[in-house]
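What follows is a short report on a single structure.
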Amino acid sequence: MLPLQILWDWLIQQSLLRSPFFPVLFSLTVYLSCCFPYVCLDLLSSRLTQVHRFKIQPQSKVTWTMAYSCLRKIVHNHVCFIFPASLVHWYFRPVFYPPLAPEMLSVVKDILACLLLFDMQYFLWHLLHHKVSWLYNVFHKEHHFYTAAFSMMTEDTSIWEMLSLSFFTTLNPALLGCHPLTEMLFYVTNMYLSVEAHSGYEFPWSPHRLVPFGLYGGARHHDLHHLKFRVNYAPYFTHWDRLFGTLKKHFFL
Ligand SMILES: [Zn+2]
Ligand SMILES: [Zn+2]
């Protein structure tokens, strides 16, 4: 039997999948799991030069207070806003779980299409929230509290920004008619890439080093956005910033 079918057969037997608590628990678990390795690196980087040399802004330091204040806000936003929103969604649009898992190739194609759509939506949302000063001050400024990115600040945003991003993440698989398993895998991929973009580390195996022709921006690209502020608005890929003349590749220029 195919690995995706084995995974899907196991998943649909879990009663938690049908619970109204599932979306919020899934969201928090995926987020914290993606952040965990980078939080460990932050702890090690002040002691180990082998880790410290991969930091994009070597002078920056992540403290427990910073990480804890982000965690507190993220849990609060999930409990007070994401949970009620997902409850409404669960009640009015119950998910149908088909018995067959999707094909691997269609999963890959759908995830890539969802990522490209999300990249465009967030680029436009982000550009607008930097160009219109009251939108910036009211809705996006909270995410710019730190000028050097670190993993736990990925979802350290205003509630409007968090709900907008959750809306795009939910909308795209629905628009493309994705299988529920593809939707979950897109969610995990999207979250990992978002945390990676905020990690503050650049490794030889980082996604932007693996994707050819500079098509992917990743951690360096987004760290520069937090430092220089009016550049690199797209979360992942570079084509929208290239097209709008807002792409910046180097810290010293
Ligand atoms: Zn911004
Ligand atoms: Zn950011």
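Assorted remarks:
- Amide hydrogen neighbours beyond the local backbone of Tyr201, cut-off 5 Å, H modeled: Ile56
- Taking Thr65, Thr189, Thr157 as the candidate residues, the one with maximal mean-square fluctuation in a Gaussian network model of the chain, Cα springs under 10 Å, is Thr65.
- Aspartates and glutamates with Cα under 15 Å of Lys141, excluding same-chain neighbours fewer than 8 positions away: Glu155, Asp156, Glu161
- Whole-Hz ³J(HN,Hα) from phi, Karplus 6.51 cos²θ - 1.76 cosθ + 1.60, for the stretch 66-82, glycine and proline x: 4, 5, 5, 5, 5, 4, 4, 5, 5, 5, 4, 5, 5, 5, 7, 10, 5
- Gain in span if fully extended, Leu44 to Leu32, counting 0.36 nm per residue against the direct Cα distance: 2.5 nm
- Relative counts (whole %) of C-alpha pair distances in the stretch 3-244, using bins that are 5 Å wide: 1, 6, 12, 17, 19, 17, 13, 9, 4, 1, 0
- Distant-in-sequence amide H partners of Phe237 (H built 1.01 Å from N, under 5 Å): Gly217
- Close amide H pairs (under 5 Å, H built 1.01 Å from N) link Ser158 with Glu142, His143, residues at least 5 positions away or on another chain.
- For the stretch 34-139, the Cβ-based charge dipole about the Cα centre amounts to some 460 debye (Lys, Arg positive; Asp, Glu negative; other atoms uncharged).
- Highest-first arrangement of 230-237, 139-146, 127-134, where packing means the average Cβ count within 10 Å: 230-237, 139-146, 127-134
- Start at zero, step by 5 Å, and the Cα-Cα distances of the stretch 1-112 spread as 2, 9, 13, 14, 15, 13, 11, 11, 9, 3, 0 percent across the bins.
- Estimated FRET transfer efficiency (Arg18, His76; beta-carbon r; R0 25 Å; 0.05): 0.45
- Coupling constants for the stretch 18-28 follow from the phi torsions by the Karplus curve (6.51 cos²θ - 1.76 cosθ + 1.60, θ = phi - 60°), and in residue order they are 9, 7, x, 7, 4, x, 6, 5, 4, 4, 5 Hz; glycine and proline get x.
- Rel. contact order, % - alpha carbon contacts under 8 angstrom, at least six apart, the stretch 3-244: 24
- Positive end of the dipole of the stretch 3-244 (Cβ unit charges, origin at the Cα centre): among Val211, Ala234, Thr49, the Cα lying farthest that way belongs to Thr49.
- In summary, the lysines within cross-link reach of Lys55, defined as a Cα separation below 19 angstrom excluding same-chain residues under 8 places away, comprise Lys228, Lys248, Lys249.
- Dipole magnitude for the stretch 3-244: computed about the Cα centre from +1 point charges on Lys and Arg Cβ and -1 point charges on Asp and Glu Cβ, it is near 580 debye.
- Each peptide in 8-20, 217-229 was scored by the mean count of other Cβ atoms within 10 Å over its residues; highest first, the order is 217-229, 8-20.
- Rounded to whole numbers, the Karplus 3J(HN,Hα) couplings from phi for the stretch 126-137 are 5, 4, 4, 6, 9, 7, 9, 4, 6, 5, 4, 5 Hz, using 6.51 cos²θ - 1.76 cosθ + 1.60 with θ = phi - 60°, and x at Gly and Pro.
- Dipole of the stretch 3-244 [Lys/Arg +1, Asp/Glu -1 at C-beta], most positive-end residue of Ser158, Gln59, Leu224: Gln59
Laboratory data are not the source of any read-out in this text; all were calculated from the coordinates shown. Just so you know, these numbers come straight off a predicted model, no measurement behind them. Quick reminder, even Gly has a Cβ in these numbers, built from the backbone with ideal geometry, and neighbours come from all protein chains shown.
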